[in-house]
Every structure is written in structure tokens, then in C-alpha cells.
Amino acid sequence: MKFSGYNFLFKDSKNYDWIIFFRISFGIFILLHFISILPDFTALFSTQGVIPSDILDVYVPNFVITLPKIISYFSDYGISEATVLLLFKIIYILLSVFVIVGFYPRTVVFVLLFFQISLVKGSIFYAYGVDYFTSMSLFYLLLIPSHYKLSVHAFFNNQIKRINITPYRRLFQLHLTLVYFFSGFDKVLGFNWRNGESIWKAINLPSANQDFNFDFSFLTDYPIILVALGWLTIIIEMFYPVFIWMSISRQFWLFLIISMHLGIALVLNLYFFSTLMIIWNITNFYFVKNEATH
């Protein structure tokens, strides 16, 4: 098949399955992720938490709106911190549910993105990859029209004007391929991944391997396995932009990358990060059907 740049970027495939999957799966994800931190919410995010907000604010520009700043603003009107935190939790959960059901998703996602960023920027010492990918996911849901099917918005509005969704998808796909390529490229530049040291350090982190307690002591006698795993990670990531676009290898490379993230989840206990990356991969490359991507 002859490659056409115009068809690649603009031909309307009319395939909305990936959008439906992304909106619903990510909505469930962000809801469960938020619920998981509720038991420690006050200790992490209140003004008098484990790390007081006045210390955290030193690292945050004045123009950035954070949860502690929101608390301070409402305190001037006599509204207590406990009330603000309770309302924040309720609104965040409601917005996540609205994303799942597709209730004015773009408007809801815009507000939810504001809430999520205010939470992350107000607690930068606790933030890690999953928080930043959550922000990016919300950005894509804000950009992509996700209300066409299986949404409350579509149920009550039969006159929704359809637009070409292919450019949005290509942007999302290209973003994901670049993420993996540069992640692998960064690994191959140093020696830690090439000699297996990074794998060994990762599986022996104090926070890792706490749920299943796998016994990795045998690897001290077989360091070649660590080297192989390091190189396998580099190859999977660096060659992702090549093999994920080829129809003949797409499903196999999708299997490899999902298997890698499942391994990260089980061994490093990074369940939410791995889940979100799997959602991104399935969204972008599982639902490819008869499209000019090869």
C-alpha cells in the first residue's frame, strides 16, 4: 500500500471505538486513583500535612493555583479548611463519574484538569509519572471530541455535528511513540541498563516487590538475565515507533509493551502508572482497523 501523508493525517476512519474506550477506561482510572489516596488525603494535601504547604510553596511559582492556595483563598471568607477539602473530594469524584458517563465531557474535563493540576502542583514532592500522564490524559480528553457515542451528552442530543477525529488520534499516537523512543534512547546512552544494573536496583528498591515478595536472589548467579532484561527493555522502547506502526508486527509489539508494564506493576508495585500506560497503548493501537498506518 502506497503511503499517503494526507490520508495518514486527515483521512476520517470513522472508528470511534478508541475514543469510547479511552474516555470510559480513563474515567474509571482517575476515579479509582483518587479514591486510593483518600485515606491519606489530609496528611498529604492539607496545609498542615506531613510537609506543610508553606514549604511546598517555595517550589511553586506564585501564578500557579494549588490546593493550599485555594484553601487560603476561601479562609478569607470564613470557610474552614476541612470544608474546602471535603468539597474538593466530592467535586473531584463527581467530575470523574461525569467523565465515565460522558456528561458534557469537554467542560467536565476542563474543570477536572484544573482540580488535578492544583492537587499535583500543591504537592510536588509526592508527584511522579502517573500524575503527569494523568494531566496529559485529561488534556487529550479535552482536545478529543469524546461525546459522540455511549455518552449522556449524545443520548440527549441527536444533532451533534461530527468532525474528523483522525488528526487527534495521530497526535496521540505520535506522542506515545516519541515517549517510548526517547525513554529507550535515554537508557541506551548510559551503561546502567546495558549491564543490567538498573534492573537489579529497581527490583531491590525498598518500595518494590512488597506485595508478592518474589525471590530474585538467584539472579546473583545468573547476571546474564539482568543484562538481557535491560537490553530487552531498550529494544522494546526504542523500536516501538517502528514495529507498532507496521500491521504485521503491531499486535506482537503491543503484547510486548503491555507485558513490560504488567511486569512493572507486579514487581515494582506501580499499579496505577502501569495501568495508565496500558490504557494509552490499547487506546492508540489496539483499535486500528483498515487504516493507513502501515
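Largest first, the extents of the alpha carbon coordinates of the range 84-222 on the three principal axes equal 66, 40, 27 Å. Ellipsoid fit via the Cα gyration tensor, the range 113-159: semi-axes of 30, 10, 7 Å, each the root of five times an eigenvalue, largest first.
For the range 69-119, the percent of C-alpha pairs falling in each 10 Å distance bin, counted from 0 to the bin holding the largest distance, reads 25, 45, 25, 5. Comparing Ile90, Ile163, Gln251 along the charge dipole axis of the chain, the residue lying farthest to the positive side is Ile163, per the Cβ-charge model. Distance between the C-alpha centers of the range 171-193 and the range 84-102? Whole Å please. After rounding, the separation between the Cα centres reads 34 Å. Here is the size of the chain from its Cα atoms: Rg then Dmax, 21.5, 67 Å.
Per residue, the average separation of C-alpha pairs within less than 8 Å and at least 6 apart gives the range 193-278 a relative contact order of 35 percent. Using bins of 5 Å that start at zero, the share of Cα-Cα pairs per bin across the range 1-70 amounts to 3, 12, 13, 11, 11, 11, 9, 8, 8, 7, 5, 2, 0, in whole %. Out of the total accessible area of the chain (probe 1.4 Å, heavy atoms of protein only), what percent is carbon and sulfur? Using a 1.4 Å probe with all protein chains present, the chain comes out at 70 percent carbon and sulfur. Computed over the chain with a Gaussian network model linking Cα atoms closer than 10 Å, the most mobile of Leu112, Leu229, Leu95 is Leu229.
FRET efficiency for the pair Asn204 and Ser135, taken as 1/(1 + (r/R0)^6) with r the Cβ-Cβ distance and R0 = 30 Å, rounds to 0.50. Result for the chain in a Gaussian network model with C-alpha springs under 10 Å: among Ile235, Ile20, Ile144, the largest mean-square fluctuation is at Ile235. Of all complete DSSP H helices in the chain, those with a Cα span along the helix axis of 20 Å or greater and a mean Kyte-Doolittle hydropathy of 1.0 or more are 17-37, 81-101, 105-121, 129-143, 223-238, 250-268, 271-285. Here the relative contact order of the chain, from alpha carbon pairs under 8 Å that lie six or more residues apart, stands at 23 percent. Using a Gaussian network model of the chain in which every pair of alpha carbons under 10 angstrom is joined by a spring, one finds that among Ser80, Ser13, Ser25 the greatest mean-square fluctuation is at Ser80. Taking other residues whose beta carbon is less than 12 angstrom from the beta carbon of Trp193, and scoring Lys, Arg as +1 and Asp, Glu as -1, yields 0.
Which whole-Hz couplings ³J(HN,Hα) result when phi for each residue of the range 198-214 is put into the Karplus expression 6.51 cos²θ - 1.76 cosθ + 1.60, θ = phi - 60°, listed in order with x for Gly and Pro? Once θ is set to phi - 60°, the couplings for the range 198-214 become 5, 5, 4, 5, 4, 6, 10, 5, x, 8, 8, 6, 8, 8, 10, 6, 5 Hz. Within the range 157-219, the ratio Rg/Rh, alpha carbon atoms throughout and Rh by Kirkwood, equals 1.31.
For the range 1-119, the relative contact order is 31 percent, taking Cα pairs closer than 8 Å that sit 6 or more residues apart in sequence and dividing their mean separation by the residue count. Remark: the range 1-40 is approximated by an ellipsoid whose semi-axes, taken from the C-alpha gyration tensor as √(5λ), come to 38, 10, 6 Å, largest first.
The values are calculated or read from the model by the stated rules, or taken from the named source; none is laboratory data. The shown structure was predicted, so the numbers you read here are calculated from the model rather than taken from an experiment. Virtual Cβ from ideal backbone geometry, glycine too; neighbours counted across all protein chains shown. SASA here: full protein model, heavy atoms, side chains in, ligands and nucleic acids out. Shrake-Rupley method; radii C 1.70, N 1.55, O 1.52, S 1.80 Å.
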